[in-house]
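See structure below.
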Amino acid sequence: MSIPEDILKDHGIRSTDTRSKVIKYILRKKTACSLKELQQALAISSRQEKPINLTTFYRTINLFEQKGIVHRIDDGTGTVKFAILKPGSIDKKWHLHFHCKKCNNTFCLPETMPINLLSIGGDYHIIRVNLVLHGICEKCNGNYRNEKKHI
């Protein structure tokens, strides 16, 4: 078995061609991807094969989200993105994201959310945290500094 098939099996999901293609693409990505990006990538890879059914595609993404394989990220761009949940995450809901204003990529940051951020007091029950830091990513930062010198 390969890693994608192992992930599906570990989450009690039967492997299909579409599920396998979706998870392989998301695993290869170092950044979160939009549904449109994912659809385009799968359409290109499927040109020689039978095209992926859109209903099956959306059901696959929803299933992966429900089973905790991927998580949804609202990075403030108006486009929902998805990223793989790292195996062994202590609490998959509580991690930060970073959106690069230069390359427009969104990244999952290491799980270092300050615990006092979650201690808001009162009779509140936190279900989900969506904290996205905005700035220039490590990759673009070198280029960004060089451009600033020439201004």
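The values are calculated or read from the model by the stated rules, or taken from the named source; none is laboratory data. Note that the coordinates shown come from a computational prediction; the quantities given were computed from them, not determined experimentally. Note that each Cβ is placed from the backbone with ideal geometry, even for glycine, and that neighbours are counted across all protein chains shown.
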Any residue at all in region 116-125 that's under 24 Å from E138 (Cβ atoms) and either modelled with pLDDT under 75 or within 15 Å of the chain's Cα centre (by Cα) (or both)?
yes
Here the residues within region 46-73 that are small (G, A, S) and within 24 Å of C108 (Cβ to Cβ) are G68
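Per-residue answers, yes or no, for (1) among the small types (G, A, S); (2) over 21 Å from K86 (Cα atoms):
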site: S2; (1), (2): yes, no
site: K21; (1), (2): no, no
site: R28; (1), (2): no, no
site: Q40; (1), (2): no, yes
site: A43; (1), (2): yes, yes
site: P51; (1), (2): no, yes
site: L63; (1), (2): no, no
site: G68; (1), (2): yes, no
Discussion item. Being of a type in the set (A, V, I, L, M) and surrounded by fewer than 16 Cβ atoms within 10 Å (Cβ to Cβ) is the requirement here; does L42 meet it?
Written reply: no
| Within the bounds of region 76-98, is there any residue that is in contact with a Phe, Trp or Tyr (Cβ under 6 Å, 6 or more places away or on another chain), at pLDDT 90 or above, more than 30 Å from D17 (Cα to Cα) and surrounded by 12 or more Cβ atoms within 10 Å (Cβ to Cβ)? | yes
